[in-house]
Structure formats: C-alpha cells, structure tokens
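To start, the structure itself, in structure tokens.
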Amino acid sequence: LPFTGVMDQILESLKRDKLLEVRTSPMALGEGTYIYAITDAGTIRAREALERCQYAGPAPVPLAAYTQACQRQKRRRLAINEKIAHQVFSNLVLSEKAICHLGPAINSGTSIFLYGPSGDGKTSVARMIGNLMLSQSIYIPYALYTDGQVIKLYDSFNHKLVPEEDALTGTGILRLGTRRDIRWVHIYRPFIEVGGELTLAGLDLVFDDVLKYYEAPFQVKANGGVLLIDDF
C-alpha cells in the first residue's frame with residue numbers, strides 16, 4: 001500500500017493506541033524510514049486478528065472493486081477464420097467438415113457442447129479451444145475482502161503469471177496513475193479442466209480452520225477463463 005495517505009495514518013493510529021512504537025530511524029528522511037516494533041498490547045491485538053483470519057500477503061481488494069474489474073476485463077469475442085481454425089487444430093486429425101462446424105461455434109462466443117463416443121477426441125478438441133485463451137491476459141487480486149472475511153483468490157499453482165515484458169498485452173489494464181496497483185496480479189486467462197467429481201457443494205465457499213473462507217480452485221479460475229467439464 002502507498003505510504004502517503006494510507007500507511008502513515010494506520011501507523012499513527014497504532015502508535016496512538018500504544019500497539020506499535022518507533023524503535024529507530026536509520027536515516028533522517030521522514031517517517032517513511034522509521035523501524036517499528038510491536039508492543040505487548042500489539043501482540044495481543046495481533047493474536048486476536050489471527051484467530052479471525054490467518055491470511056498474510058498483499059492487501060485484499062474490496063469485492064465491489066473486483067466486480068467492477070471483471071466488468072472492465074470482459075473477454076473479447078474470438079473471431080477466427082478458416083486459416084486460423086486449421087492452425088488451432090493442426091495437431092489433431094479432423095475432417096474438413098468438423099473444422100467448419102467448430103469455427104462458427106467458437107465465433108458464437110457461447111457455450112459449446114461436444115458429444116460422441118469415448119476416445120473420439122472431445123477432450124483434445126476442447127483443450128485446443130481453451131488454448132486460444134492463453135493469448136489473452138487479465139488482472140485478478142491476490143485476495144478479496146467482503147463482510148469481514150478475507151478470501152484468497154490468486155492460486156500460484158494454477159494461475160500462470162504474465163512475464164513483465166508482456167505486461168501491456170492483456171485484455172484489461174488496472175493502474176493507479178503510472179504505477180500498477182500491486183494488490184493485483186497479471187495472469188494469463190486460465191483454462192480449467194474439471195472432472196466428474198464436480199458437485200454443487202464444490203461451487204460454494206470452503207471453510208478452513210487456518211485459511212478461514214476461500215474459494216474453490218475451479219470456481220476461482222473459471223471466472224474469466226475457459227471451463228471444460230470432462231465426462232460430467
């Protein structure tokens with residue numbers, strides 16, 4: 001969080017309540033260089049806070065701000081022609097008729113239902129379609145804050161970060177002035193494959209004694225990405 005206007009006010013409040021104290025100032029460059037130490041009263045307050053939520057990381061983003069960001073980063077409708085369609089499915093052996101059906105289906109921007117006997121390539125076709133999304137990127141927050149709860153959103157295992165040199169190629173840019181808001185992380189628009197174990201209960205928030213509430217992984221990454229429900 002920026003020091004001016006945010007952190008300085010928080011630290012001033014903590015010092016006033018005797019939860020923090022200034023230990024030393026290595027350089028006479030203002031309050032931004034102070035080194036703080038937690039007091040006994042601050043330790044008690046910290047333990048009370050950890051009992052409510054043990055999240056530690058970048059500051060969470062309000063749910064309303066995340067909702068607004070989702071609206072600003074709506075996926076652009078794909079527009080592929082015959083040449084692109086052949087390139088996308090070049091690793092598969094498909095008839096010309098199948099490719100001619102898949103192209104308009106992708107361009108429709110709506111759900112696609114693939115059916116057929118086992119082993120005829122439905123999953124492979126869906127994966128090729130999902131790979132089209134990997135050329136687009138979005139910003140998501142590390143965590144959300146709503147109704148007094150912090151919900152971890154970013155998953156380092158399933159979300160693929162966009163290299164810094166590609167930072168301006170996304171479908172949505174979230175910035176504060178000329179400096180990006182570091183509460184948000186830049187990822188490729190994800191492709192998620194879900195097996196038959198998906199249930200309605202799995203689409204709700206999950207409660208954990210340590211993490212408290214967090215969103216189910218496939219629900220998190222399906223938002224703004226591609227969801228493949230395989231053999232469901």
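Observations, loosely collected:
- Cut-off under 5 Å, modelled amide H: who pairs with residue 94 long-range: none
- The gain in end-to-end length when the residue 67 to residue 115 segment is fully stretched comes to 13.9 nm, 0.36 nm per residue minus the alpha carbon separation.
- Distances between placed amide hydrogens fall under 5 Å for residue 158 paired with no residue 5 or more residues away or on another chain.
- Derived scalar couplings between HN and Hα for the stretch 142-154 equal 5, 8, 10, 10, 7, 6, x, 10, 9, 10, 6, 10, 6 Hz in order, rounded to whole Hz, by the Karplus curve 6.51 cos²θ - 1.76 cosθ + 1.60 (θ = phi - 60°), x for Gly and Pro.
- Distant-in-sequence amide contacts of residue 20, defined by a placed amide H-H separation under 5 Å and a gap of 5 or more residues or a different chain, comprise 15, 39.
- Simple label model, 7 Å out from Cα along Cβ direction - residue 49 to residue 161, nm: 2.5 nm
- 31 Å Cα-Cα threshold exceeded, pairs from 15/152; 18/160; 122/152: 18/160; 122/152
- Per-residue HN-Hα couplings for the stretch 90-101 [Karplus 6.51, -1.76, 1.60; θ = phi - 60°; Hz; x = Gly/Pro]: 5, 7, 10, 9, 10, 6, 4, 5, 5, 5, 5, 7
None of the figures in this text is laboratory data; all of them are computed from the coordinates on show. From a predicted model like this one, the values you see are computed outputs, not experimental measurements. Note that we place each Cβ from the backbone using ideal geometry, even for glycine, and neighbour counts take in every protein chain shown.
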